[in-house]
Amino acid sequence: GQQVMQIPQYQHVQEGEDFTTYCNSSTTLSNIQWYKQRPGGHPVFLIQLVKSGEVKKQKRLTFQFGEAKKNSSLHITATQTTDVGTYFCAGLRSNDYKLSFGAGTTVTVRA
Amino acid sequence: DAGVTQSPTHLIKTRGQHVTLRCSPISGHKSVSWYQQVLGQGPQFIFQYYEKEERGRGNFPDRFSARQFPNYSSELNVNALLLGDSALYLCASSSLSGGYADTQYFGPGTRLTVL
């Protein structure tokens, strides 16, 4: 079955630094979605990528979909304490309703 | 507009019991999906319903069942509870505007503890 892997599992970042989290699928995806879950909260939708090689930006967050549509990345610049949480990627295959989530990257920020 | 609502917020059951979890989607959304999130892991897909019909099922045993009502609200039922069923159960609604890919709007979840 489809597997979505995320690395790293944990990311400890100094406030102000940049970091990247990666998402890899064992199968080609029709689209990939990114969610953020704050401690004690529920996943909140961030963005959806559909096209091969697509890059989207949301303020300090940059999302990229790989050319082969099997991997994706999230890059955060100038990390802030508000960036704390777990970031999940979730992949969808063509003609499939099963959104497959990765295990997430949990981000902590040192002030 | 209200977001996705779920009830109850927390639930404690013992092994072998049955549980029913409820979800109301965002107004206008016709699709509801259920996910199980075990501590430290990502949400795992259980079911998706659209217009009261099951459109997708994850790798969960037959003890798990669900249904969607005419008002698009949904119930998730789990029979013969096991300790391993302890998790956060998330409901997500989407507009599913004809396509397979759609943003999932998650509710706050029901925290189920099985003793």
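The values are calculated or read from the model by the stated rules, or taken from the named source; none is laboratory data. Keep in mind that this is a model prediction, so the values were computed, not measured. Neighbour counts are summed over all protein chains in view; Cβ atoms, including those assigned to glycine, are modelled from backbone coordinates with ideal geometry. Keep in mind that these areas ignore ligands, DNA and RNA; they rest on the heavy atoms of the full protein, side chains included. Shrake-Rupley method; radii C 1.70, N 1.55, O 1.52, S 1.80 Å.
Under a 5 Å amide H cut-off, with hydrogens placed 1.01 Å from N, B:R55 pairs with B:Q48, B:Y49, B:Y50 among residues at least 5 apart or on other chains. Leaving out same-chain residues fewer than 8 places away, which lysines sit with a Cα under 30 Å from that of A:K70? Candidates past the 8-residue exclusion: A:K36, A:K51, A:K56, A:K57, A:K59, A:K98, B:K30. Annotation: amide H-H contacts under 5 Å for A:G85 (H modelled 1.01 Å from N, sequence separation of 5 or more, or interchain): A:V107. Computed with a 1.4 Å probe on the full set of protein chains, the accessible area for A:D18 sits at about 90 Å². Taking every protein chain into account, the accessible area of chain A amounts to 48 square angstrom per residue (probe 1.4 Å).
Rounded to a whole number, what % of the accessible area of chain A do carbon and sulfur atoms account for, probe 1.4 Å? On chain A, the fraction of accessible area on carbon and sulfur atoms equals 50 percent. Multiplying the residue separation of A:R38 and A:K51 by 0.36 nm and removing their Cα-Cα distance gives an extension gain of 1.9 nm. When chain B is treated as a Gaussian network with alpha carbon springs shorter than 10 Å, the biggest mean-square fluctuation among B:S93, B:S33, B:S65 belongs to B:S65. Using a 1.4 angstrom probe on protein heavy atoms only, which residues from region B:24-63 are buried by at least 20 Å² of accessible area when all chains are present rather than their own chain alone? Buried on complex formation: B:Y35, B:Q37, B:G40, B:G42, B:P43, B:F45, B:Q48, B:R55, B:R57. Per-atom-type breakdown for chain B gives carbon and sulfur 48% of the accessible area (1.4 Å probe, protein chains only). The relative contact order of chain B comes to 36 percent, based on Cα pairs under 8 Å that sit 6 or more residues apart.
Annotation for the A:B interface, with buried accessible surface near 1700 Å², both sides summed [1.4 Å probe; non-protein components not counted]. Which part of region A:1-32 falls in the paramagnetic zone of A:T81, meaning amide N under 13 Å from the point 7 Å along Cα-to-beta-carbon? Only A:15-16 fall inside the zone, counting backbone N under 13 Å.
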